[in-house]
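The values are calculated or read from the model by the stated rules, or taken from the named source; none is laboratory data. Note that the structure is predicted; figures quoted are calculated from it, not measured. Neighbour counts are summed over all protein chains in view; Cβ atoms, including those assigned to glycine, are modelled from backbone coordinates with ideal geometry. With ligands, DNA and RNA removed, areas are computed over all heavy atoms of the protein, side chains included. Shrake-Rupley method; radii C 1.70, N 1.55, O 1.52, S 1.80 Å.
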Amino acid sequence: MVFLNLLLSGCARKQEEERIKIGVILPLTGLLSTFGQSVRKGVELALEEVNKGGGILGKQIECIIEDDESKTDGAQTVVTKLLTKDKVDLVLGEVVSSATLAIAPLCQRYKVPLVTPSATNVEVTKVGDYIFRTCFIDDFQGSALARFAFENLGARRAAILKDVKSDYSIGLASAFSKTFKEMGGEIVNEQAYAAGDTDFRTQLTSIKASNPDALFIPGYYTEVGLIIRQAKELSLRITLLGGDGWDSPKLVEIAGASAEGTYFGTHFSPQQPTPRVRDFVSAFRQKYNEDPDALAALGYDALRLVADAIRRAGTMERVKVREELAKTSKFTGVTGDITIDENRNARKPLVMLKIEGGKPTYLTSIEL
Ligand code: PHE
């Protein structure tokens, strides 16, 4: 009996060794849950495609998906488990900047490559040479949004309402502000809130009094939805705009009709008229019976890109996988072609959307 057990566990171990293990860290519950759920759907669609096609290096990929409950300490707890207990070959995640900044030093210390599909704060990849992202950075996003506000919306006086608990929000606000001022615009009022707040009337009243043409809100959908609603209640008749943090079906659910005519920049729209996007949207609809948002597309691209880098490396040795990730050039993604630059970031266009008829509608793509 003992002998049999040994044999069995020996077998199980061998099978495990034959799989490529990717730890995926997502905010599946809590304040940012639609972000995590969307990435998970994209990752699982890509995983299914890669594994059905025979896997990589003759091995199947296994994703160990962990929920951090939208908390940075939650992300640290699960990354520790993935690195020390599951001994994953690579970490995919987190989705937002603060949580990614919290786990990146650990991945760097263990020399396990980390690839975030969506954390845009400039500092993320500066943590070390094992830290990569497959999306653009906030210096670009903030600057492109400022250009859009100045040129396309004709704004000259802008106000900013930012989340001071979020690295993403702080960085995006400062990039926006820098370009807007360089172009000759003025930031007439800058107000703050913290994630989890529900009453923004004091800040919005102050903003109204300073008479801007546009209000830039670099936040996440839960608070932004309420801000948009309360701005309308206080009769702020100015253009509201934001960045990728708005990209959630919950935004319009929370803001209601007040969301009409607002703008945001993101990474992808299911309405982009390219064959690549069309194929992805139809595969996604078939599996989930809904349209993919930007995070679903980013999750899909990240897993496929990682699988391709492992294939090119020809081994699971982390040093080699790291090298191949760094060499990624013109990888065909649904969010655009992905080339990893010398700072381990990607350059891709910002996709501008306008909320019309209760739905984000594709306007244009802004290149670097
Ligand atoms: N860029 C955001 C961050 O760094 C995360 C995000 C990406 C949210 C894409 C929505 C869509 O925190």
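General remarks:
- Selected residue (only one of Glu66, Glu49, Glu94 is in the same structural domain as Ala307 (by TED's automatic domain parsing), open to solvent by 40 Å² or more (accessible area, probe 1.4 Å) and either within 16 Å of the ligand (Cβ to nearest atom) or at negative phi (or both)): Glu49
- Meets criteria (assigned by TED's automatic domain parsing to the domain that holds Tyr220, modelled with pLDDT of 95 or more, under 20 Å from Val122 (Cα atoms) and open to solvent by less than 50 Å² (accessible area, probe 1.4 Å)) for Gly154: no
- Filter result for Ala12 (at pLDDT 95 or above and either in a helix (DSSP H, G or I) or assigned by TED's automatic domain parsing to the domain that holds Arg322 (or both)): no
- Set side by side, the residues Asp293, Asp279 differ, and just one is of a type in the set (D, E, K, R), in the same structural domain as Thr34 (by TED's automatic domain parsing) and surrounded by 23 or more Cβ atoms within 10 Å (Cβ to Cβ), which is Asp293.
- Single condition Leu106 does not satisfy, out of (1) open to solvent by 30 Å² or more (accessible area, probe 1.4 Å); (2) in contact with a helix residue (DSSP H, G or I) (Cβ under 6 Å, 6 or more places away or on another chain); (3) part of a loop (DSSP other than H, G, I, E, B): (3)
- Single unsatisfied condition, Ser143 versus (1) among the hydroxyl-bearing types (Ser, Thr, Tyr); (2) under 25 Å from Leu204 (Cα atoms); (3) surrounded by 24 or more Cβ atoms within 10 Å (Cβ to Cβ): (3)
- Considering (1) closer than 22 Å to Ala294 by Cβ; (2) open to solvent by less than 20 Å² (accessible area, probe 1.4 Å), the lone condition that Gln230 does not fulfil carries the number (1).
- Residue match in the stretch 180-194 (condition: on the phi < 0 side of the Ramachandran plot and under 18 Å from the mean Cα position of the chain (by Cα)): no
- Taken over the stretch 332-368, the criterion of being more than 18 Å from Val122 (Cα to Cα) and open to solvent by less than 20 Å² (accessible area, probe 1.4 Å) is satisfied by Gly333, Val334, Thr335, Gly336, Val351, Met352, Leu353, Ile355.
- Within the stretch 249-258, if we keep just the residues that are small (Gly, Ala, Ser) and surrounded by fewer than 24 Cβ atoms within 10 Å (Cβ to Cβ), the residue that is farthest from the ligand (Cβ to nearest atom) turns out to be Ala257.
- Cβ-Cβ under 6 Å pairs, at least 6 apart or on other chains, the stretch 240-251 side outside any loop (DSSP other than H, G, I, E, B), far side open to solvent by 10 Å² or more (accessible area, probe 1.4 Å) and within 11 Å of the ligand (Cβ to nearest atom): Gly245/Tyr220; Lys250/Thr34
- Top-ranked residue in the stretch 300-319 [being under 23 Å from Ile25 (Cα atoms) and without any contact (Cβ under 8 Å) to a residue 40 or more places away in the chain; ranked as most open to solvent (accessible area, probe 1.4 Å)]: Glu317
- If you filter the stretch 109-140 down to residues that are among the hydrophobic types (A, V, I, L, M, F, W, C) and open to solvent by 10 Å² or more (accessible area, probe 1.4 Å), you find that the one that is farthest from Leu82 (Cα to Cα) is Phe140.
- Residues (touching a strand residue (DSSP E or B) at 6+ places or on another chain (Cβ under 6 Å) and within 15 Å of the ligand (Cβ to nearest atom)) located in the stretch 225-240: none
- Within the option set Lys126, Lys111, being in contact (Cβ under 8 Å) with a residue 60 or more places away in the chain, on the phi > 0 side of the Ramachandran plot and of a type in the set (Lys, Arg) holds for one residue only, Lys111.
- Restricting Thr205, Thr222 to residues that are open to solvent by 10 Å² or more (accessible area, probe 1.4 Å), assigned to a helix (DSSP H, G or I) and touching a Lys or Arg at 6+ places or on another chain (Cβ under 9 Å) narrows the list to Thr222.
- Entirely in the stretch 117-196, the strands (runs of 3 or more DSSP E) that have 1 or more residues that are out of contact with any helix residue (DSSP H, G or I) (no Cβ under 9 Å at 6 or more places or on another chain): 157-163
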